[in-house]
Amino acid sequence: LKRFEVQLQKRIGAKHVICCTNCTIAMEILFRCCDFPQNAEIIVPSFTFVASAHACVTAGLKVRFADCTTDTHCIDPSSVSKLVNKNTVAILGVNVWGMPCDNETLQKIAHKHKLKLFYDSAHAFACSGSHGKGERGRFGDAEVLSFHATKFFNSGEGGAIVTDDDE
């Protein structure tokens, strides 16, 4: 497992790769490690697999659903901006079918409001970021990957947290 994590770190160029049972558990662990306050809200795209929202709720976060764009089916940054409030602690972008979210705009929103920015990249291992800038796994505060049998890169099951954050 350690060799696998090291190889993923090298492939992605990330400081840390922490393998987990699956991508959903990776998200739950990631959110719990953030130690968000009670009544914390996370903005999630309205078009995603149920596990994205389920992991948020299981970790104690209230989910607020944002609209998605018609061209990428990913979270719409203008919808995200409208949903940010005093309880918002994070944004979860979901890279659907390898199609990247608008990383630059989401990062600006997160920075402006001092929010964590996470990505569910279950469908996006080895896919590039928006405008061809970098490979998935290097965006936001952390990304989660899936190695389920139905994914492009699979080990039958499994997932990982990818981050440069030492904490």
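Would a scan of segment 86-93 turn up a residue that is in contact with a strand residue (DSSP E or B) (Cβ under 9 Å, 6 or more places away or on another chain), surrounded by fewer than 16 Cβ atoms within 10 Å (Cβ to Cβ) and over 21 Å from Phe36 (Cβ atoms)? Scanning segment 86-93, I find no residue that is in contact with a strand residue (DSSP E or B) (Cβ under 9 Å, 6 or more places away or on another chain), surrounded by fewer than 16 Cβ atoms within 10 Å (Cβ to Cβ) and over 21 Å from Phe36 (Cβ atoms), so the answer is no. Pairs linking a residue in segment 83-94 that is closer than 22 Å to Leu145 by Cβ to a residue that is in a loop (DSSP other than H, G, I, E, B) and of a type in the set (A, V, I, L, M, F, W, C), with Cβ atoms under 6 Å and 6 or more positions apart or on different chains, are Ala90/Leu115; Ile91/Leu115; Gly93/Cys101.
Does Cys20 satisfy the criteria of being more than 23 Å from Lys112 (Cβ to Cβ), surrounded by 15 or more Cβ atoms within 10 Å (Cβ to Cβ) and not aromatic (Phe, Trp, Tyr)? Here the answer is yes, as Cys20 does meet what is asked. Suppose we filter segment 124-147 for residues that are modelled with pLDDT under 65 and surrounded by fewer than 16 Cβ atoms within 10 Å (Cβ to Cβ); how many remain? So the count comes out to 5. Remark: Ala66 matches the filter, which requires a residue to be small (Gly, Ala, Ser), modelled with pLDDT of 95 or more and either open to solvent by 20 Å² or more (accessible area, probe 1.4 Å) or more than 17 Å from Phe139 (Cα to Cα) (or both). Among the residues of segment 26-49, the one identified as open to solvent by 40 Å² or more (accessible area, probe 1.4 Å) and among the aliphatic types (A, V, I, L, M) is Ile29. Taking each residue of segment 35-63 that is on the phi > 0 side of the Ramachandran plot and looking for partners that are not hydroxyl-bearing (Ser, Thr, Tyr) with beta-carbon atoms closer than 6 Å, six or more apart or interchain, yields Asn39/Asn87.
The values are calculated or read from the model by the stated rules, or taken from the named source; none is laboratory data. Not measured: the values here are computed from a predicted model. Methodologically, a virtual Cβ is constructed for each residue, glycine included, from the backbone with ideal geometry; neighbour enumeration extends over all protein chains shown. With ligands, DNA and RNA removed, areas are computed over all heavy atoms of the protein, side chains included. Shrake-Rupley method; radii C 1.70, N 1.55, O 1.52, S 1.80 Å.
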